[in-house]
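The values are calculated or read from the model by the stated rules, or taken from the named source; none is laboratory data. Bear in mind the structure is a predicted one, so any value in this text is a computation, not a measurement. Here the Cβ is made from the backbone with ideal geometry for all residues, glycine too, and neighbour counts use every protein chain on show. These area figures cover heavy atoms from the full protein model, side chains too; ligands, DNA and RNA do not enter into them. Shrake-Rupley method; radii C 1.70, N 1.55, O 1.52, S 1.80 Å.
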Amino acid sequence: MNEYDVIIAGGGASGLYLAAALGGSLKTAVIERGPRVGRKLSATGGGQGNLSNADVRAERYFGDRCVISSVLGDDPHSVLGIFDGLLTTDSRGRMYPAGRQASALTDCLRRKAAACADILTDTRITSLGRGFDVGTDKGIFRARRVALCTGGKAGGRFGTDGSAYSLALGMGHTVTGLYPSLVQLKTDDTRIRTLRGVRADCVARAYDGDEKLAEAEGEVIFGDGLVGGSAVYYISPFVAGRRGCTLELSFLPGFSESEIAASVRRKEENGTERSELLSLTLNNSLGRAIMRSAEGGAENIARTVKHFALKITGSAGFENAQVTRGGVPLSEVTDGLESRLVHGLYFAGEILDVDGECGGFNLQWAWSSAKRVAESLLGEMKK
């Protein structure tokens, strides 16, 4: 039987970081069900590697912010020192490797993890015993300590289909409700059926009744009953798990309602057909869709441009989501992210009930939580 000090379940961002952070001080194995480690990490930030954000703080996360703040620490970006190379920050605070290549992040972590641990790919964990006999489809491994870094349910094509939650449940833990986040939103398509493939700049807002949940400026992309784009991804975490919310799109963010209304009036005076009153102002298909919704004169048309409301009916689902809302509650782990129920069992990354806003916050949680587990393991195992 193969015996280890630590077995890390999952070769994603947090699992690789944890293996590297342990630095070879403990005999470690990373068990990954897929053919290679770091597949989801290589796709992050549209392949450019948005690994953190300049504005990392607990308020940018959903979950127990007291624990989140403790794990992030006073200098959250210190965990990024593990990466070789220069980092850059864009105008939104998103941090990237200067080479803008997510696969380079994976290569760096894979190299450092492989120098400190056995990396076992194409190996599925089938059971976890309280004595830490780790059953797999390639035999049984024994570990003094186990860290569950299996990810969540989002992005099943990367192997994170949620099946690993059963390992936590089998150890007596609970799992909160699970919802897709950082994802396209499904909406009532009555007003947007003709807009598939149309892109536009806007300010997107999410409302629950009269309460504004979030606001973001960026691009919106219309799909088949779906609305995506950077602005929608930014607000999607705020509606995850909620019902009856509304998406409001405010087009032409650089122009006021009065300026839009004046343009419409000029076209009316020139005899422009009503359906074309927003031509040259907006994409023609979008302008016509708005005109089909707008009633009255120029002021009402301008108001519709700035307050184009769509009822949110769901999302594009876990397969298309970047992040999972929900997981093992932070109340069930210590500040060191060790289970309060099973001594020697640790958690890091997306499997915990923590998710962040769009813009690098979720990878920051992966690094920070993995670093905290590494510190806990090294401190505890040296006793």
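Cβ separations smaller than 6 Å between residues 6+ apart or across chains give the following pairs from the range 121-137 residues that are modelled with pLDDT of 95 or more to residues that are in a loop (DSSP other than H, G, I, E, B) and surrounded by fewer than 13 Cβ atoms within 10 Å (Cβ to Cβ): 121/35; 122/35.
In the range 26-48, what residues are part of a helix (DSSP H, G or I), open to solvent by 20 Å² or more (accessible area, probe 1.4 Å) and either farther than 15 Å from residue 358 by Cβ or touching a His at 6+ places or on another chain (Cβ under 8 Å) (or both)? Break it down stepwise before answering.
Going residue by residue through the range 26-48, those that are part of a helix (DSSP H, G or I) are 41-47.
Next, from what is left, pick out any that are open to solvent by 20 Å² or more (accessible area, probe 1.4 Å): 42-47.
Residues satisfying the conditions are 42, 47.
Restricting attention to the range 318-345, which residues are within 30 Å of residue 224 (Cβ to Cβ), in a loop (DSSP other than H, G, I, E, B) and open to solvent by less than 20 Å² (accessible area, probe 1.4 Å)? Correct list: 321, 326.
Whenever a residue of the range 49-76 is under 29 Å from residue 103 (Cα atoms) and acidic (Asp, Glu), its partners that are open to solvent by less than 40 Å² (accessible area, probe 1.4 Å) and not in a strand (DSSP E or B), lying with C-beta atoms within less than 7 angstrom and at least six residues away or across chains, give the pairs 55/93. Touching a Pro at 6+ places or on another chain (Cβ under 9 Å) and open to solvent by less than 20 Å² (accessible area, probe 1.4 Å): does that describe residue 51? When the stated conditions are applied, residue 51 passes them.
When 168, 231, 147, 143 are checked against the criterion of being crowded, with 23+ Cβ neighbours inside 10 Å, in a helix (DSSP H, G or I) and more than 18 Å from the chain's Cα centre (by Cα), 168 stands alone in meeting it. The sole residue among 310, 213, 247 that is of a type outside the set (Gly, Ala, Ser), at pLDDT 95 or above, surrounded by fewer than 17 Cβ atoms within 10 Å (Cβ to Cβ) and assigned to a strand (DSSP E or B) is 213. Entry remark, the range 176-191: residues being open to solvent by 40 Å² or more (accessible area, probe 1.4 Å) and not charged (D, E, K, R) number 6 in total.
Within the range 363-382, the presence of a residue that is at positive phi and either crowded, with 24+ Cβ neighbours inside 10 Å or assigned to a loop (DSSP other than H, G, I, E, B) (or both) is excluded.
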